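The values are calculated or read from the model by the stated rules, or taken from the named source; none is laboratory data. Please read these numbers as outputs of a predicted model, since none were measured by experiment. Note that we place each Cβ from the backbone using ideal geometry, even for glycine, and neighbour counts take in every protein chain shown.
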Amino acid sequence: MTYQGVLQKMQTEFTNPIAYYLVFEDSFLNVNQLLGKEIEINFQGYQCLNCSQSKKIFRQGFCYDCFMKSPAVGDWIMKPELSTAHLDIEDRDLDYEKRVQLQPHIVYLALSSEVKVGVTRKTQVPTRWIDQGAIQAIPIVEVPNRYLAGITEVALKNHYADKTSWQKMLKNEVAPADLFAERNKAADWLPSEVRQHFATESQIFDLHYPVLHYPKKVTSLNLDKTPNYTGTVTGIKGQYLLFEDGTVFNVRTYEGYVVKMSL
């Protein structure tokens, strides 16, 4: 059986284990059903997720021109503290920025390789944690806009990592931690503007992934250098497919790439 289309990040369902789906224009694939099976991935070309042209992907599924212009990839996406919609100040498209920035956001602690701090829109809970391969997560504050979440994250980055070691996450080398205790410690480091939003009743989310066994070493599949790859799927974690030979494929890295997948 063959599936072909433009890669976008896998859609997920918060089940035990997490359910993963690759959605193409005319079909979709339940990725969990690939466990223990051999698949072939063939790189066919590019299609920008914004303009749909067959232009080389620059970053985040966008061609260079779209990446430099689209409000969906403004600097405030990666650096929430740069958000200005609450001040009525436009970056690229104020209407878009108000829709995204002026809604409830969660600042959280997640356990993926070590305890890390992060920001997500409330509507993206628990999807954001699934996408980064966290095995546990706990909200610290819920604030009304992205700017407040951003300055909270900046303050907490003095005490916690803000990046996941993807190699450790994929090998399931996760340092144990008590997220309740860490959440309570974090309360002392919150900016004064957000202390009223501290999530005193927040619960720990536990996340379980469909993995037959974790690799001891990992090698990332690069579709530009290796346009054809065949391997047996042994797991799915974060936005990665894990293969028996230690190869790992980050689906999100290759958004906008046109592929053919043969089972």
Criterion violated by K168 - all others in (1) surrounded by 13 or more Cβ atoms within 10 Å (Cβ to Cβ); (2) closer than 24 Å to E81 by Cβ satisfied: (2)
Test: residue in segment 198-206 that is outside any loop (DSSP other than H, G, I, E, B) and among the polar types (S, T, N, Q): no
Segment 189-221 - residue that is farther than 25 Å from I18 by Cα and of a type in the set (S, T, N, Q) and, of those, surrounded by the most Cβ atoms within 10 Å (Cβ to Cβ): Q196
Test: residue in segment 227-235 that is within 24 Å of T164 (Cβ to Cβ) and among the β-branched types (V, I, T): yes
Failed criterion for G133 (all others in (1) touching a residue at least 60 places away in the same chain (Cβ under 8 Å); (2) out of contact with any Gly (no Cβ under 7 Å at 6 or more places or on another chain); (3) more than 30 Å from L87 (Cβ to Cβ) hold): (2)
Residues satisfying the stated conditions in segment 78-88, i.e. assigned to a helix (DSSP H, G or I) and either over 22 Å from the mean Cα position of the chain (by Cα) or surrounded by 16 or more Cβ atoms within 10 Å (Cβ to Cβ) (or both): P80, E81, A85, H86, L87
Considering residues of segment 14-33 that are within 25 Å of K225 (Cα to Cα) and out of contact with any Leu (no Cβ under 7 Å at 6 or more places or on another chain) only, the residue surrounded by the fewest Cβ atoms within 10 Å (Cβ to Cβ): V23
Close pairs from segment 96-108: first in contact (Cβ under 8 Å) with a residue 12 or more places away in the chain, partner surrounded by fewer than 16 Cβ atoms within 10 Å (Cβ to Cβ) and in a helix (DSSP H, G or I), Cβ under 6 Å, at least 6 apart: P104/K122; I106/K122
Any hit, segment 157-178, residues being of a type in the set (A, V, I, L, M, F, W, C), in contact with a strand residue (DSSP E or B) (Cβ under 6 Å, 6 or more places away or on another chain) and within 24 Å of D75 (Cα to Cα): yes
Candidates A149, A186, A110, filtered to the one that is buried (at least 17 other Cβ atoms within 10 Å of the Cβ), under 16 Å from the mean Cα position of the chain (by Cα) and modelled with pLDDT of 95 or more: A110
